[in-house]
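Structure record follows, encoded as structure tokens.
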Amino acid sequence: MSGGHGAVEGSNKRVALLISVLALFLAFSETLGKAAQTDALGANIEASNLWAYFQARTIRSTTVKTVDEMVALLPPGTNAEAVQAKRAEWAKTLARWESEPATGEGRKELSAKAQAAQEKRDLALERYHHYELASAAFQIGIVLASAEVITGVVALVFAGGLLGLAGGALLGFGYFAPHALHLFH
């Protein structure tokens, strides 16, 4: 009788080890998922701010263009020299607002920065989705492996192990190749 009890105890130790490994990878997946979620939120806020600044520049440019067009309609001789100087100043300002590489605050540069922030957000979301699915696989694997201890149905521990492998694969894809799998969004 002691041989049967020892075999069960040894089996339970292996299942406990599997559960521990799955829990470890679950912790990695959850931590990476939260970090990816935080990155996505930060990049989304950055993109929103940059697009708002872009829109503000567009509105200001439109206002200046409208005033310039109105000034151009003034009757001849209406302080022509001052009007021309002001229109030249506005033209320089409009050109600077369109592209200002020195400060990165021209519409062209703001648009590029906002698009880069959106790409960063999208990458973080891809990672987040993989990590979430990996976490689910690890959690279900833990439950199935735990159920084997109670029921003695060996297939449950194999199913739990397979889900752990699937979770590991998703974790790897999320970290190394988040764009490789587009099935999950």
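A few remarks follow.
- Subset of segment 72-124 (residues that are open to solvent by less than 60 Å² (accessible area, probe 1.4 Å), closer than 12 Å to R57 by Cα, in contact (Cβ under 8 Å) with a residue 40 or more places away in the chain and of a type outside the set (A, V, I, L, M, F, W, C)): G106, R107, S111
- Residues that are at pLDDT 95 or above and of a type outside the set (A, V, I, L, M) are absent from segment 3-13.
- Lone qualifier among S61, S29 - being closer than 30 Å to A88 by Cβ, open to solvent by less than 80 Å² (accessible area, probe 1.4 Å) and either modelled with pLDDT of 95 or more or assigned to a helix (DSSP H, G or I) (or both): S61
The values are calculated or read from the model by the stated rules, or taken from the named source; none is laboratory data. Note that the structure is predicted; figures quoted are calculated from it, not measured. Because the Cβ atoms are built from the backbone with ideal geometry, glycine has one as well, and the counts that use them run over all protein chains shown. Please note that ligands, DNA and RNA were not included when accessible areas were found on the heavy atoms of the full protein model with its side chains. Shrake-Rupley method; radii C 1.70, N 1.55, O 1.52, S 1.80 Å.
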